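Q: Structure in structure tokens, see below.
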Amino acid sequence: MKNRILILLLVIITSAFNSEAFAARHKKKHKNKAKTTKTVDTKSSEQPKTAEVKITDPKSKEAKNGTTKEQEKTAAVTKVDTVKAKQNTALTQTDSIELYLANSKLKFLKKNAHASYYHSRFDGRRTASGKRFSNNGYTAAHKSLPFGTKVKITNEANGKWVVVEITDRGPFSKVREIDLSKRAFMEIVSNKNSGMAIVTIEVIEPKK
């Protein structure tokens, strides 16, 4: 009887000890889990990054605007100087031609002559004289005048004139008397859309 009581007590004590050990382990596990959750919450609750705000200094903006205005002013002055230089060059060329004419004599060739200009497709091609044609030059084509002959072409409608050199043969038309480079033609006509002009042709010869 006593042995049974002792065994029973031993079983009760052992059960109680196991229960306390289980409770302690459960409590420790729960504590570790709570600690992990707290760590995650701490990381997630970090303060968000502050958005960068660019502050423009009004003085630097004014300085930039001032620099831009200076550059625009410089560009405008340079453009004006370029135009003046071109005008001076044109005046110099005109003066040189007038001086050349003053030291030469003009031989009348034809009045009421029809003049036209070269098509752009001829630009860069060799002329009958062997020289390459350029619509930016002061040259012309005539049926019989010798190559190298300088002629004065005067528009009878407005009095404008230009000096060109004969470098090619043509025009191959009974109506037209002379074909000018486009640049030379445009300098003597008032209507830039016109393809024909009535001119007076004079051959420039050296004074004897």
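Q: Considering only residues that are outside any helix (DSSP H, G or I) and crowded, with 18+ Cβ neighbours inside 10 Å, which ones fall in region 166-186?
A: Hits for region 166-186 are ILE166, THR167, ASP168, PRO171, GLU177, ILE178, ASP179, LEU180, SER181.
Q: Oh, and also: Go through region 152-165 residue by residue and tally those that are of a type outside the set (Asp, Glu) and either assigned to a loop (DSSP other than H, G, I, E, B) or in contact with a Pro (Cβ under 9 Å, 6 or more places away or on another chain) (or both).
A: Result for region 152-165: 4.
Q: I want to confirm something. Restricting to region 152-165 and keeping residues that are of a type outside the set (A, V, I, L, M) and over 13 Å from TYR138 (Cβ atoms), which single residue is most open to solvent (accessible area, probe 1.4 Å)? Write out each step before concluding.
A: Pass one, region 152-165, residues of a type outside the set (A, V, I, L, M): 152, 154-156, 158-161, 165.
Pick out the ones that are also over 13 Å from TYR138 (Cβ atoms) and you get 154-156, 158-160.
Values: THR154: 29, ASN155: 10, GLU156: 68, ASN158: 59, GLY159: 44, LYS160: 91 Å².
Going through the qualifying residues, I end up with LYS160.
Q: Determine which single condition ILE201 fails, assuming it passes every other condition in (1) farther than 21 Å from ILE97 by Cα; (2) open to solvent by less than 30 Å² (accessible area, probe 1.4 Å).
A: Condition not satisfied by ILE201: (1).
Q: Tell me which residues, restricted to region 96-151, are in a helix (DSSP H, G or I), farther than 23 Å from LYS208 by Cβ and open to solvent by 90 Å² or more (accessible area, probe 1.4 Å).
A: Taking region 96-151 first, the residues in a helix (DSSP H, G or I) are 96-102, 120-122.
Okay, now just the ones that are also farther than 23 Å from LYS208 by Cβ, so 120-122.
If the condition is that a residue be in a helix (DSSP H, G or I), farther than 23 Å from LYS208 by Cβ and open to solvent by 90 Å² or more (accessible area, probe 1.4 Å), then ARG121 is the only one that fits.
The values are calculated or read from the model by the stated rules, or taken from the named source; none is laboratory data. Everything quoted here is computed from the prediction, not taken from an experiment. Quick reminder, even Gly has a Cβ in these numbers, built from the backbone with ideal geometry, and neighbours come from all protein chains shown. Side chains are part of the model used for accessible areas, which takes the heavy atoms of the whole protein and leaves out ligands, DNA and RNA. Shrake-Rupley method; radii C 1.70, N 1.55, O 1.52, S 1.80 Å.
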